[in-house]
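Chemist: Could you have a look at this structure, given as structure tokens, before my questions?
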Amino acid sequence: MTANIFKPDPYRIADIVHETELEYTFKVEAGVKVDHGQFFQISLPEIGEAPISVSGIGRDWLEFTIRKVGKVTHRLFSLRRGDRLFMRGPYGNSFPLDEFRGKDLVVIAGGTGVSPVRSLLKHYFDHLDEIRSLHFIAGFKDRGSILFADDLKDFAARFHAIYTLDKEAIPGFQSGLVTEHIRKIPFAGFADYNVVIVGPPVMMRYAALECLKNGVSKERIWMSFERNMSCAVGKCGHCKINETYVCLEGPVFNYTKAEQLLD
Amino acid sequence: MAYRLSLSRMDELLEKMRESYTIYAPMRFEKRGRYSDTDLVRYDKIRSVRDIVYDEKSHFSPKEVIHPITQALFHFTEFEYRESEVDERPVLVFVRPCDIHGIQRLDTMFLENGDAADPYYKRLRDKVKFVLMECGKGWDTCFCVSMGTNRTEDYSLAVRFAGEELLLEVKDPSFRPLFASEKTADFRPEFVSANRLTVRLPEIKSRDVLEKVHALPLWESYDTRCLSCGACTAACVSCSCFTTSDVAYSENGRSGDRRRVWASCLHKDFTVMAGGHGFRKTPGERMRFRTLHKVYDFRARFGGADMCVGCGRCTDRCPQLISFAATLNRLSGEVDRLNAEAAAATGVSV
């Protein structure tokens, strides 16, 4: 019989970090090669499967930062350190690090959209020599929804970082939507650069439009899509947009492609 | 080679075939139709050739033999997922030419799309052989000729029913010994060469036209008509979408099945993610998605043929009497207009 592409394997939960009341980071013992931006199907017997992006990559572990929002994630939140969860993957493409090499990089993330770019940011935190500079805008709804507070402090020390909350300003965080801060990025001063935008669909759309308004060309913009999926291997049909399967050709799309994906 | 057999003689041979094959054909389920006092014609295991409903179009397609409505993928406990098992016996299915084409479309999705073949589809598909049933004149909702799916050579046996007799072409050499002592006949299946319906396919010539097709007001007309019930996609031979779900055997038991179940892009939860955000929120948008998948997206992705094979079962099953043929003709008219406008704008003749 053909290798079973749907079969999940068991992994041990090494640690669970409470980022917010609704978002936990699960550290899983797994020595799997994963690229920044890829995702796994996390699988719980009795409950089902859900696509979850990788938020941290280590030599023998992976992290998933998960919002308690559906059936699978509700059950996940009842698990404890030492418990097992099942998963299969990694799936999908990844951020084009080769394209980013030697150029300036701008990362704009909103809310849980910070999770899929966290491992990328951590990579450049350790290998800042691979790129010319990194500008990072992160936006959260309010002080209660800030993710990765410690990482954000580290990133601010090494990157050009702007952190913002939708409606309030607190130490370290300005006020306003991420789109309001995009004009502060010195695009005109960059020789060559790329922009990564990840967040809720509306945020990605308006952040991209704001970038275009600031003279960024479409080819420089990269986005990561989120879709309902049952299989993650191009069979179930849920993530199809036009002739594109987000699980196969995505989740990372250049804007020239993303703008053509008509739901 | 071809043979002329009485139905009773064929039943004797069928009995022998059933020793090694599981045999499926469209069968009548009396009073099980959608409306009172109507029958349902769908696929099931037959014991006699007299079980086969050959003079009507089955309400459901033979895809359920290879892509079952619900299928256990794994049996799970708290600690493991164990792959479900499958009957090892080869399968013989009585099908129409359009269905053979439809199953080829399923092959493309399940075996070719993505990096690896779908193991559950493949393990059933590898066992299947087709018995082609002649269609005669076809039926009033068929448009196989327009879709180029009225003919096929991809079958093991072909049959024409003629009262108490049947004519059988044996193409697959493995069946020849079984028929060695039967009366031969001169028979090749005939294919439908004209349907009552003719469908013109939309020829979307540019990205710009595609975007305009997405914005056509015609889709909105389905907002009130389409019930989002998914009856069309369930009847369709080439619709392949599914959702996986876990079913526990008992309330407190930690064991159960992970199953996959047919899904429909017409259902409003098809794209909804945890948290409630979804895409394609109106019936019209979902109708557009299905239509374009059937006659544009599939071909754009894989080349070759369109996904729709013109069996017309979606039209037959729609409780709102939405004709897919009419939808396609309507769309093609709009696309002609958009192509002409695009050509006029660029000064190029159509």
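The values are calculated or read from the model by the stated rules, or taken from the named source; none is laboratory data. These numbers come from a predicted model, not from an experiment. Quick reminder, even Gly has a Cβ in these numbers, built from the backbone with ideal geometry, and neighbours come from all protein chains shown.
Chemist: With more than 30 Å from B:C265 (Cα to Cα) and buried (at least 20 other Cβ atoms within 10 Å of the Cβ) as the only criterion, which of A:V252, A:V178, A:V198 stands out?
Modeler: A:V178
Chemist: Test A:I185 against the criterion of being of a type outside the set (K, R) and touching a His at 6+ places or on another chain (Cβ under 6 Å), and give yes or no.
Modeler: Values: of a type outside the set (K, R): yes; touching a His at 6+ places or on another chain (Cβ under 6 Å): yes.
Here the answer is yes, as A:I185 does meet what is asked.
Chemist: Determine, yes or no, whether B:E165 is within 14 Å of chain A (Cβ to nearest Cβ), surrounded by fewer than 18 Cβ atoms within 10 Å (Cβ to Cβ) and within 30 Å of B:M1 (Cα to Cα).
Modeler: Details: within 14 Å of chain A (Cβ to nearest Cβ): no; surrounded by fewer than 18 Cβ atoms within 10 Å (Cβ to Cβ): yes; within 30 Å of B:M1 (Cα to Cα): yes.
Taking the combined requirement at face value, the residue does not satisfy it.
Chemist: Out of the residues in region A:1-22 that are in a loop (DSSP other than H, G, I, E, B) and loosely packed, with under 14 Cβ neighbours inside 10 Å, state the one that is farthest from the other protein chains (Cβ to nearest Cβ). Reasoning before the result, please.
Modeler: Within region A:1-22, the subset in a loop (DSSP other than H, G, I, E, B) is A:1-8, A:19-22.
From the residues that got through so far, the ones that are loosely packed, with under 14 Cβ neighbours inside 10 Å too are A:1, A:3, A:21.
Working: A:M1: 6, A:A3: 7, A:E21: 15 Å.
Checking each candidate, the answer is A:E21.
Chemist: Test of understanding: among B:D55, B:D87, B:D44, which residue is of a type outside the set (K, R), outside any loop (DSSP other than H, G, I, E, B) and in contact (Cβ under 8 Å) with a residue 12 or more places away in the chain? Steps first, answer last, please.
Modeler: On the way: B:D55 fails: outside any loop (DSSP other than H, G, I, E, B); B:D87 fails: outside any loop (DSSP other than H, G, I, E, B).
After applying the criteria, what remains is B:D44.
Chemist: Taking the options B:R188, B:R200, name whichever one is in a loop (DSSP other than H, G, I, E, B), among the basic types (K, R), modelled with pLDDT of 95 or more and under 30 Å from A:Q260 (Cα atoms).
Modeler: Numbers: B:R188 fails: under 30 Å from A:Q260 (Cα atoms).
None of the others qualify; the one that does is B:R200.
Chemist: Go through B:L167, B:L132, B:L124 for me and flag whichever is part of a strand (DSSP E or B) and closer than 17 Å to B:V237 by Cβ.
Modeler: Details: B:L167 fails: closer than 17 Å to B:V237 by Cβ; B:L124 fails: part of a strand (DSSP E or B).
None of the other options fit; the residue is B:L132.
Chemist: Let me ask something else. Can you pull out every residue in region A:43-62 that is aliphatic (A, V, I, L, M), part of a strand (DSSP E or B) and more than 23 Å from A:L121 (Cα to Cα)? Step through it out loud before you land on a result.
Modeler: Of the residues in region A:43-62, the ones aliphatic (A, V, I, L, M) are A:44, A:47, A:50, A:52, A:54, A:57, A:62.
Still in the list and also part of a strand (DSSP E or B): A:44, A:50, A:52, A:54, A:57, A:62.
Selection gives A:L44, A:A50.
Chemist: Let me ask something additional. Here is a list of conditions, (1) crowded, with 18+ Cβ neighbours inside 10 Å; (2) out of contact with any strand residue (DSSP E or B) (no Cβ under 9 Å at 6 or more places or on another chain), and B:V272 meets all of them except one; can you say which number that is?
Modeler: It is condition (1) that B:V272 fails.
Chemist: Also: Please go through region B:203-216 and pick out each residue that is part of a loop (DSSP other than H, G, I, E, B) and within 14 Å of chain A (Cβ to nearest Cβ). Reasoning before the result, please.
Modeler: Of region B:203-216, the ones part of a loop (DSSP other than H, G, I, E, B) are B:203-206, B:215-216.
Hits for region B:203-216 are B:I204, B:S206, B:A215, B:L216.
Chemist: Are there any helices (runs of 4 or more DSSP H) wholly within region A:65-150 with 3 or more residues that are away from every other protein chain (no Cβ under 14 Å), and if so which?
Modeler: A:97-100, A:114-126
Chemist: Going by what's in this entry, would B:R258 be described as out of contact with any helix residue (DSSP H, G or I) (no Cβ under 8 Å at 6 or more places or on another chain), of a type in the set (K, R) and within 14 Å of chain A (Cβ to nearest Cβ)?
Modeler: Working: out of contact with any helix residue (DSSP H, G or I) (no Cβ under 8 Å at 6 or more places or on another chain): yes; of a type in the set (K, R): yes; within 14 Å of chain A (Cβ to nearest Cβ): yes.
Yes; evaluated as a whole, the condition is true for this residue.
Chemist: I'd like to know if region B:200-214 contains one or more residues that are touching a residue at least 24 places away in the same chain (Cβ under 8 Å), in contact with a Lys or Arg (Cβ under 8 Å, 6 or more places away or on another chain), closer than 24 Å to B:Q104 by Cα and surrounded by fewer than 20 Cβ atoms within 10 Å (Cβ to Cβ).
Modeler: The answer is no; no qualifying residue exists.
Chemist: When you check A:G110 against the structure, is it touching a Pro at 6+ places or on another chain (Cβ under 8 Å) and of a type in the set (G, A, S), yes or no?
Modeler: Working: touching a Pro at 6+ places or on another chain (Cβ under 8 Å): yes; of a type in the set (G, A, S): yes.
Here the answer is yes, as A:G110 does meet what is asked.
Chemist: Oh, and also: Of A:G176, A:G189, A:G199, which residue is touching a Leu at 6+ places or on another chain (Cβ under 9 Å) and either more than 30 Å from A:Y91 (Cβ to Cβ) or within 14 Å of another protein chain (Cβ to nearest Cβ) (or both)? Step through it out loud before you land on a result.
Modeler: Working: A:G189 fails: touching a Leu at 6+ places or on another chain (Cβ under 9 Å); A:G199 fails: touching a Leu at 6+ places or on another chain (Cβ under 9 Å).
The conditions single out A:G176.
Chemist: Hey, does region A:205-217 have a residue that's touching a helix residue (DSSP H, G or I) at 6+ places or on another chain (Cβ under 7 Å) and basic (K, R)?
Modeler: no
Chemist: Taking region B:171-185 on its own, how many of its residues are in contact (Cβ under 8 Å) with a residue 40 or more places away in the chain, of a type outside the set (F, W, Y) and not in a loop (DSSP other than H, G, I, E, B)?
Modeler: 3
Chemist: Moving on. Among (1) at pLDDT 95 or above; (2) under 24 Å from A:A161 (Cβ atoms), where does A:V202 come up short?
Modeler: Of (1) at pLDDT 95 or above; (2) under 24 Å from A:A161 (Cβ atoms), only one is false for A:V202: (1).
Chemist: Among the residues of region B:1-24, write down those that are in a loop (DSSP other than H, G, I, E, B) and surrounded by 16 or more Cβ atoms within 10 Å (Cβ to Cβ).
Modeler: Restricting attention to region B:1-24, the residues satisfying the condition of being in a loop (DSSP other than H, G, I, E, B) are B:1, B:21.
Answer for region B:1-24, where residues must be in a loop (DSSP other than H, G, I, E, B) and surrounded by 16 or more Cβ atoms within 10 Å (Cβ to Cβ): just B:Y21.
So that you can scan it fast, the table gives a plain yes or no per residue for (1) in contact (Cβ under 8 Å) with a residue 60 or more places away in the chain; (2) within 10 Å of chain A (Cβ to nearest Cβ); (3) on the phi > 0 side of the Ramachandran plot; (4) under 19 Å from the mean Cα position of the chain (by Cα):
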{"residue": "B:A231", "(1), (2), (3), (4)": "yes, no, no, yes"}
{"residue": "B:T243", "(1), (2), (3), (4)": "no, yes, no, yes"}
{"residue": "B:E251", "(1), (2), (3), (4)": "no, no, no, no"}
{"residue": "B:K268", "(1), (2), (3), (4)": "no, no, no, no"}
{"residue": "B:G275", "(1), (2), (3), (4)": "no, yes, yes, no"}
{"residue": "B:F289", "(1), (2), (3), (4)": "no, yes, no, yes"}
{"residue": "B:H293", "(1), (2), (3), (4)": "no, yes, no, yes"}
{"residue": "B:R299", "(1), (2), (3), (4)": "no, yes, no, yes"}
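Chemist: Kindly indicate the residue of region B:58-83 that is assigned to a loop (DSSP other than H, G, I, E, B) and modelled with pLDDT under 95 and also surrounded by the most Cβ atoms within 10 Å (Cβ to Cβ) among those meeting that condition.
Modeler: Going residue by residue through region B:58-83, those that are assigned to a loop (DSSP other than H, G, I, E, B) are B:58-62, B:67-69, B:77-80.
Still in the running and modelled with pLDDT under 95: B:77-80.
Values: B:T77: 13, B:E78: 12, B:F79: 11, B:E80: 15.
Step by step, filter region B:58-83, then rank; the result is B:E80.
Chemist: Now a separate question. Check B:T327 against each of (1) hydroxyl-bearing (S, T, Y); (2) at pLDDT 95 or above; (3) not in a helix (DSSP H, G or I) and name the one condition it does not meet.
Modeler: All conditions are met except number (3).
Chemist: Taking the conditions exactly as written (β-branched (V, I, T), over 23 Å from B:S6 (Cβ atoms) and touching a helix residue (DSSP H, G or I) at 6+ places or on another chain (Cβ under 9 Å)), does B:V170 satisfy them or not?
Modeler: On the way: β-branched (V, I, T): yes; over 23 Å from B:S6 (Cβ atoms): no; touching a helix residue (DSSP H, G or I) at 6+ places or on another chain (Cβ under 9 Å): yes.
Answer is no for this residue.
Chemist: Name every residue in region A:65-87 that is of a type in the set (A, V, I, L, M, F, W, C) and closer than 18 Å to A:M229 by Cβ, in order of residue number. Show your work before the answer.
Modeler: Keep residues of region A:65-87 that are of a type in the set (A, V, I, L, M, F, W, C), which gives A:66, A:69, A:72, A:76-77, A:79, A:85-87.
A:I66, A:V69, A:V72, A:L76, A:L85, A:F86, A:M87 - these are the residues of region A:65-87 that are of a type in the set (A, V, I, L, M, F, W, C) and closer than 18 Å to A:M229 by Cβ.
Chemist: Restricting attention to region A:46-61, report how many residues are in contact (Cβ under 8 Å) with a residue 40 or more places away in the chain and away from chain B (no Cβ under 14 Å).
Modeler: Residues that pass the stated criteria total 5.
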